Amino acid sequence: MDISEFSVGVVIRTKDRPFFVPRALASVTSQLHENWHVVLVNDGGDPGLLREGIAPDGVMPLPPERFTLMDVIPGQGRSQAFNSGVEALQTDFVTCLDDDDTWDPEFMSALLAFYAETAACVPDLGGVGAKVTALKEEIVGEGKDSRLQIIGEDSLPPAFHRGEFFLNPLAYSCYRQDIYPVQWMMRRQAVRDVGGFPVHFDVMEDRAFMNLFLARWRVAMLDRKLAYHHRRVQRGTDKTRNVLLNTLDNPSYDWRFFADLARPTLDYGANSESASVVRSIASDLLAELNYETSAIWQKVDGEMKALHKQLADDKAELHALVAAAAAVGPSDAVVAPPLGSHALFSAPVSGAALFDIWSVYREDHAQYMQPGEPFAERLQLSCTAPQFGLMLHAAPQAGRLVCQMPETRDWTAIEINLSGLVPTGGGVQVRFQIESPVGYLFETGLMATELAEGGTPRHQMSGYEVHSCDNLTGCIVTRRIEAAWLDHAQQPRLVIILPRNARNFRFICCNLVIEPLSQV
């Protein structure tokens, strides 16, 4: 089957959002599959404003034989806008590309090949879909100078990560499996057969449609991320249905009403003879499911209680060992301190410290962190890309400085600035104590930065060491930085390299001291 012969219709709905439309159109024109037709449905928006946004020089961005612009005045609503676009097409397949979403260039070609391969074995195949990537973005600037800036990936609920080959109708109807319109490509006639999007829906129209569609047709899912769902980060604060923000999580929409309305219902009264049988079977199934679920949770709860008791006993035994060792006096044995025992590691005994984190934070302190911006005078966060939710809290009385990071990704580190601490010919020793509710491995290293040609910074790393932070005892790390390296390094730093690709990570520092080697 030659997939180049398949024609794909693209319905783009918009209303007074010309800011996004050129990006959506560019996403279509970049497709490797070239047999497509776009219907841009202007649902009650200002026609002049839209044309100025997509064709400021008066020339439409797409050839007329592959592009239809429909002005619907007055607007008919989100659902009817899609349905009108479907009816205006004469293509084999139809897609729904929201005006603020985009595709990978292989979206059409990969899904068409997937459909052709699957349809040979699945006569009731109504469409196919791809996996999706959620992107966070913000609108930068004002007026004609406004632009969209991608901030990074956003998380998706588990319902978008299921691995079944076909969409499961029951799982979808129960919100245990999900898919956005940007992800799917359906046979146009199959969409028409189920009536398209229900016209009375103000939101969640795609869910109501998909529940109807899955009752008649199968939808196969390609295990490739080829669709991009864009989200403005300001959406949660919108209470006026700002056209530039997403409907997703928008508090001004009646989500509860339309979410329940979108779910399929069972008409017990349609056949009175079978109604009691259906209710009886459903009751038995639910009772058995409840019995099994309760048994599993009782087992899990019992095991968790036993684990918590064992952990408490282990901590008590460890504290007793530490107290006994302290009572005996100094010895050559190394005993790791228990969690929160920052008193065991305080100011250096040999003299005044060059830097002590608790001389900086004498009172409780909290702030947001930004990569590259110093905190605690000599520390800064280094990561591959900015992200939301980077927070710091210092509590001197508890002896805990906590840096919270939603994701560590490929590189996240705490850099300790060593510049200007000692005169030439002098070295330093850095000691820090950390703890964690979960154990992890991490690295430390030495970093120097010099400017290459063109002013581009070039980082030189050396002196890597691997350390272990135990979930019960934490750890104390001591790094000696000799004068031979310190004297020749530009912008010298000790770098604490955190575990890669960790989520909801907390760096918990109980103490951090820098002292001259001459006094160690």
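The values are calculated or read from the model by the stated rules, or taken from the named source; none is laboratory data. Treat the numbers as computed from the prediction; the structure is a model and nothing was measured. Cβ placement follows ideal geometry from the backbone for every residue including glycine, while neighbour counts extend to all protein chains displayed.
Give the residues of the range 380-399 that are hydrophobic (A, V, I, L, M, F, W, C) and either in contact (Cβ under 8 Å) with a residue 40 or more places away in the chain or outside any strand (DSSP E or B) (or both), sorted by residue number. Selection gives Ala385, Phe388, Leu390, Ala398.
Residues checked against (1) of a type in the set (A, V, I, L, M, F, W, C); (2) more than 19 Å from Leu148 (Cβ to Cβ):
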{"residue": "Pro18", "(1), (2)": "no, no"}
{"residue": "Ala26", "(1), (2)": "yes, no"}
{"residue": "Leu62", "(1), (2)": "yes, yes"}
{"residue": "Phe67", "(1), (2)": "yes, yes"}
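Can you tell me which residue in the range 65-112 is farthest from Pro198 (Cα to Cα), limited to those that are buried (at least 20 other Cβ atoms within 10 Å of the Cβ), out of contact with any strand residue (DSSP E or B) (no Cβ under 6 Å at 6 or more places or on another chain) and charged (D, E, K, R)? If we take residues in the range 65-112 being buried (at least 20 other Cβ atoms within 10 Å of the Cβ), out of contact with any strand residue (DSSP E or B) (no Cβ under 6 Å at 6 or more places or on another chain) and charged (D, E, K, R), then Asp98 is farthest from Pro198 (Cα to Cα).
For the range 182-202, what are the residues that are over 9 Å from Ser79 (Cβ atoms), hydrophobic (A, V, I, L, M, F, W, C) and surrounded by 19 or more Cβ atoms within 10 Å (Cβ to Cβ)? Listed by number, the residues that qualify are Val182, Trp184, Met185, Met186, Val191, Val194.
Restricting to the range 113-127, name every residue that is among the hydrophobic types (A, V, I, L, M, F, W, C) and in a strand (DSSP E or B). Across the range 113-127, the qualifying residue is only Leu125. Checked against (1) closer than 30 Å to Pro386 by Cβ; (2) touching a residue at least 40 places away in the same chain (Cβ under 8 Å); (3) surrounded by 15 or more Cβ atoms within 10 Å (Cβ to Cβ); (4) not aliphatic (A, V, I, L, M), Ser173 meets all criteria but (1). Cβ separations smaller than 6 Å between residues 6+ apart or across chains give no pair from the range 221-238 residues that are not assigned by TED's automatic domain parsing to the domain that holds Lys131 and buried (at least 21 other Cβ atoms within 10 Å of the Cβ) to residues that are assigned to a strand (DSSP E or B) and at pLDDT 85 or above.
Here Ala413 fulfils each of the conditions (1) at pLDDT 90 or above; (2) farther than 18 Å from Leu381 by Cα; (3) among the small types (Gly, Ala, Ser) apart from (2). Do you know which of the residues in the range 69-92 that are among the acidic types (Asp, Glu) and over 36 Å from the mean Cα position of the chain (by Cα) is nearest to Arg188 (Cα to Cα)? Among them, the one singled out is Glu87. Consider Arg162 carefully, then state whether it is surrounded by 14 or more Cβ atoms within 10 Å (Cβ to Cβ) and free of Cβ contacts under 8 Å to residues at least 24 places away in the same chain. So Arg162 passes the test.
Sort through Leu486, Leu494, Leu512, Leu421 and tell me the only one that's surrounded by 18 or more Cβ atoms within 10 Å (Cβ to Cβ), over 30 Å from Leu307 (Cα atoms) and out of contact with any strand residue (DSSP E or B) (no Cβ under 6 Å at 6 or more places or on another chain).
Leu486
Cβ-Cβ distances below 6 Å connect the following pairs, each with a first residue in the range 84-100 that is in a helix (DSSP H, G or I), a second residue that is surrounded by fewer than 24 Cβ atoms within 10 Å (Cβ to Cβ) and of a type outside the set (Lys, Arg), and a separation of six or more residues or different chains: Gly85/Val39; Val86/Gly196; Ala88/Val39; Ala88/Thr68.
Condition check ((1) at pLDDT 90 or above; (2) under 22 Å from the mean Cα position of the chain (by Cα); (3) farther than 19 Å from Val122 by Cα) across all residues:
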site: Asp206; (1), (2), (3): yes, no, yes
site: Leu214; (1), (2), (3): yes, no, no
site: Trp217; (1), (2), (3): yes, no, no
site: Lys225; (1), (2), (3): yes, yes, yes
site: His230; (1), (2), (3): yes, yes, yes
site: Thr237; (1), (2), (3): no, yes, yes
site: Leu245; (1), (2), (3): no, yes, yes
site: Leu248; (1), (2), (3): no, yes, yes
site: Tyr253; (1), (2), (3): no, no, yes
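Selection within the range 491-516: residues that are assigned to a loop (DSSP other than H, G, I, E, B) and within 10 Å of Leu418 (Cα to Cα). The member of this set that is modelled with the lowest pLDDT is Gln491. Of the numbered criteria (1) at pLDDT 70 or above; (2) assigned to a helix (DSSP H, G or I), the one Pro264 fails is (2).
Across the range 64-83, what is the total count of residues that are in a loop (DSSP other than H, G, I, E, B) and without any contact (Cβ under 8 Å) to a residue 24 or more places away in the chain?
Step one: filter the range 64-83 for residues in a loop (DSSP other than H, G, I, E, B), giving 73-77.
Checking the rest, the ones that are also without any contact (Cβ under 8 Å) to a residue 24 or more places away in the chain come to none.
So the answer is 0.
Would you check if there is a residue in the range 397-409 being at pLDDT 85 or above, surrounded by fewer than 12 Cβ atoms within 10 Å (Cβ to Cβ), more than 24 Å from the chain's Cα centre (by Cα) and farther than 29 Å from Leu156 by Cβ? Yes; the residues of the range 397-409 include at least one that is at pLDDT 85 or above, surrounded by fewer than 12 Cβ atoms within 10 Å (Cβ to Cβ), more than 24 Å from the chain's Cα centre (by Cα) and farther than 29 Å from Leu156 by Cβ. Entry remark, the range 364-382: residues being surrounded by fewer than 18 Cβ atoms within 10 Å (Cβ to Cβ) and touching a strand residue (DSSP E or B) at 6+ places or on another chain (Cβ under 7 Å) number 9 in total. Taking the range 45-58 as the range and being surrounded by fewer than 16 Cβ atoms within 10 Å (Cβ to Cβ) and either of a type in the set (D, E, K, R) or under 25 Å from Gln90 (Cβ atoms) (or both) as the test, the residues that pass are Asp46, Pro47, Glu52, Ala55, Asp57. The set of residues in the range 30-50 being in a loop (DSSP other than H, G, I, E, B) and either out of contact with any strand residue (DSSP E or B) (no Cβ under 7 Å at 6 or more places or on another chain) or modelled with pLDDT of 95 or more (or both) consists of Ser30, Gln31, Leu32, His33, Glu34, Asn35, Asp46. Thr456 falls short on exactly one of the conditions (1) under 28 Å from Phe388 (Cα atoms); (2) in contact with a strand residue (DSSP E or B) (Cβ under 9 Å, 6 or more places away or on another chain); (3) not charged (D, E, K, R), and that condition is (2). Being in the same structural domain as Met185 (by TED's automatic domain parsing) and either in contact with a His (Cβ under 9 Å, 6 or more places away or on another chain) or closer than 21 Å to Leu226 by Cα (or both) holds for only one residue in Arg13, Arg17, and it is Arg13. Considering the conditions (1) in a strand (DSSP E or B); (2) touching a residue at least 60 places away in the same chain (Cβ under 8 Å), Val477 is excluded by exactly one of them, (2).
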